[in-house]
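Contents: one structure, followed by commentary.
The values are calculated or read from the model by the stated rules, or taken from the named source; none is laboratory data. Just so it is clear, the model here is predicted, and its values are computed rather than measured. No Cβ is skipped: glycine too gets one built from the backbone with ideal geometry, and neighbour counts run over all protein chains shown.
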Amino acid sequence: MPFKSFYFLLILLLLVSCQNNNKELIVEQQKEAEKREVIFNIIERGWVFDISPIEATTQSKINNWVEWRNFITEINQKPKSSIGAFQKKAAVLSKKAMDLQMNIPFEFDNQQIKSRISVIITKVKSLDLYIHLRQIPEQKVIKLVNELNTEIDYFQLQMEEIVKRSQIPMEEGEQDLIKMKDTTRAIPN
């Protein structure tokens, strides 16, 4: 008989303790949901990409660069529903940024452009990393969005500079001088 009452008390205690855990769990989940909502609102306000337009001559040179157009199109579309939407957008942006290294137009296929693309890739991957953390550092995400805006502007300015330099006519004899300075054309010993 004492064993039956002991088991009954044990089961009763177990049920009561489970109910308390459920209530505490629900309260914790509500706090977590409120915290995620606050983080979502902060990120949603800070997720502003302001891509300035490119000059017409530069635009005509990159019209066939599909990867750049896809990246700009993707970056201009702002997610709206949840943190998960921002996480998916960051993952897609990371892939689109990696694609920028492919099919670079011949005129822009130089070290300056490649290094600018590398910086953009690094910033986008950092953004992707930070937004996928369990505890999202929202200030870091907003800072990265602003830095990414700056890097895209620098990238576009670099392309415009290359186009402007290519439009400067060569002086008479300059081509011969460039050939004379080319060490690969030297006569072997």
Name the single residue that is surrounded by the fewest Cβ atoms within 10 Å (Cβ to Cβ) among those in the stretch 92-103 being modelled with pLDDT of 90 or more and among the aliphatic types (A, V, I, L, M).
M98
Would you mind stating whether I136 is at pLDDT below 90, closer than 16 Å to E44 by Cβ and crowded, with 18+ Cβ neighbours inside 10 Å?
yes
Evaluation of K89 against (1) within 22 Å of R36 (Cβ to Cβ); (2) in contact with a Phe, Trp or Tyr (Cβ under 8 Å, 6 or more places away or on another chain); (3) at pLDDT 90 or above (one fails), failing number
(2)
Exclusive hit being in contact (Cβ under 8 Å) with a residue 40 or more places away in the chain, in a helix (DSSP H, G or I), among the hydrophobic types (A, V, I, L, M, F, W, C) and surrounded by 15 or more Cβ atoms within 10 Å (Cβ to Cβ), set I121, I117, I152:
I152
With a cut-off of at least 3 residues that are basic (K, R), name the helices (runs of 4 or more DSSP H) lying wholly within the stretch 41-110.
83-99
What are the pairs, 6+ residues apart or on separate chains, where a residue within the stretch 95-111 that is in contact (Cβ under 8 Å) with a residue 40 or more places away in the chain has its Cβ under 8 Å from a residue that is in a loop (DSSP other than H, G, I, E, B) and exposed (fewer than 13 other Cβ atoms within 10 Å of the Cβ)?
P105/N64
Looking at the structure I just gave you, is I136 part of a loop (DSSP other than H, G, I, E, B) and not basic (K, R)?
yes
